Amino acid sequence: MGCTESEWSGWLPAALGDVSWQRDGQVVHALFPDGRLRLEWRVEAPRAIALVRIPRLWVRFEFTDTTSESRYRFMRRFDLYMQRGGG
């Protein structure tokens with residue numbers, strides 16, 4: 001993810017939507033009707049392109065006992081809430 005941990009933390013509640021979740025440091029545990037998600041992240045070194053520095057987070061999604069449809073719906077919403085664009 002190309003964002004700071006502070007930005008990520010601010011966007012996270014809306015991106016998670018109405019699923020039940022708890023945060024413990026750099027880990028979120030979310031409960032779905034058909035399973036659960038462990039979402040973890042860590043700050044990485046910024047990506048450098050010429051003189052531009054882009055903050056970077058390593059993010060891991062670990063779904064357990066969820067259907068592919070449930071994962072798809074969740075990730076579609078999550079991705080839309082986390083997208084940032086420029087012009």
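The values are calculated or read from the model by the stated rules, or taken from the named source; none is laboratory data. Only a predicted model underlies this, so the values are computations on that prediction, with no experimental measurement involved. Counting neighbours? That spans all protein chains shown, and the Cβs are built from the backbone with ideal geometry, glycine included. Note: areas computed on protein heavy atoms with side chains; ligands, DNA, RNA excluded. Shrake-Rupley method; radii C 1.70, N 1.55, O 1.52, S 1.80 Å.
Against the chain, whose longest principal axis comes from its Cα atoms, helix 5-16 is set at around 30 degrees.
Between the helical axis of 68-82 and the longest alpha-carbon principal axis of the chain there is an angle of about 30 degrees. Return the FRET efficiency for the residue pair W58, D34: r is the Cβ-Cβ distance, R0 is 35 Å, and the value is rounded to the nearest 0.05. After rounding, the FRET efficiency stands at 0.85. The residue among S6, G35, V52 whose Cα reaches farthest toward the positive pole of the charge dipole of the chain, with charges on the beta-carbon of Lys, Arg, Asp and Glu, is V52.
Annotation: segment 37-87 has a Kirkwood hydrodynamic radius of 13.3 angstrom, from the mean reciprocal C-alpha pair distance.
Calculated mean residue ellipticity at 222 nm for the chain: -10000 deg cm²/dmol, from DSSP H runs with n ≥ 4 weighted as -39500 (n - 2.57), summed, divided by the residue count and rounded to 500. Note on the chain: with neighbouring protein chains present and a 1.4 Å probe, carbon and sulfur make up 51 percent of its accessible heavy-atom surface.
Using the beta-carbon distance between A14 and D65 and R0 = 35 Å, what value does 1/(1 + (r/R0)^6) give for FRET efficiency, to the nearest 0.05? Efficiency, from the Cβ-Cβ distance: 0.90. The Kirkwood radius of segment 1-40, taken over pairs of alpha-carbon atoms, gives through the Stokes-Einstein law at 37 °C and 0.692 mPa s a diffusion coefficient of 305 µm² s⁻¹.
Computed log10 I(q)/I(0) for segment 11-61 at 0.17, 0.27, 0.30 Å⁻¹: -0.61, -1.05, -1.17, from the Debye equation with unit scatterers placed on every C-alpha and solvent omitted. The orientation-averaged shadow of the Cα convex hull for the chain, equal to a quarter of the hull surface, comes to 6.4 nm².
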